[in-house]
Amino acid sequence: MTVALVIGSILAALAALVHVYIFVLESILWSRPTTWRIFGLRTQADADTTRPLAYNQGFYNLFLALGIAVGLLLYGASFTAGVALVLAGTVSMVLAATVLITSSPLSARPAAVQGLLPLLATVLIAIALAGG
C-alpha cells in the first residue's frame, strides 16, 4: 500500500465516523434541544415537524458510512471491490456536501464538516490508484 492509499483510507474511515455521529444526532437524539439547535432549529415544534426528515436523512448518513466500512474491510479479500465501495461512499459524501452548500450558502460550516474528509480521502485514493 502506498502512503497516499493509507492516508486516504484513514481519512475515509474518519469521514465514516463523522457520518455515524451525524446519524446518531439525526435519527436517535433529534428530539433533544441540544441536538436540534445544532441544526439551527429554534423550537421543539420545529424539531417535531422535521423529525421524520431528520430520521430518514440520518439513515442515509449511516448507509454511506457502512459502505465505506465494508469497503475498507474488503481491501484484504478483494482490493478492487473494496476501493470501489470506499470511493462510492466518499464521492457520495462529497456530492451531498456540495448539494448542501449550493442549496443553503449559510450551511458552509456543516458542508465542510460533511465533505472535507471524504474529499481529501477521494483525492488521495485516486492519486494512489494512478500510481502516485
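The values are calculated or read from the model by the stated rules, or taken from the named source; none is laboratory data. Since the model is a prediction, treat every value here as computed from it, not as a measurement. To get the accessible areas, we keep the full protein, side chains included, count just its heavy atoms, and leave off ligands, DNA and RNA. Shrake-Rupley method; radii C 1.70, N 1.55, O 1.52, S 1.80 Å.
Solvent-accessible surface of the chain, taken per residue with a 1.4 Å probe and all protein chains present: 56 Å². Restricting the calculation to alpha carbons of segment 77-129 gives Rg and Dmax of 12.6, 43 angstrom. Taken over segment 1-44, the convex hull of the Cα atoms encloses 56 Å³ per residue. Stokes-Einstein diffusion for the chain at 20 °C, viscosity 1.002 mPa s, with a Kirkwood radius from C-alpha pairs, works out to 140 µm²/s. Counting only protein heavy atoms and using a 1.4 Å probe, what share of the accessible area of the chain belongs to carbon plus sulfur, as a whole percent? It is 73 percent, rounded to a whole number.
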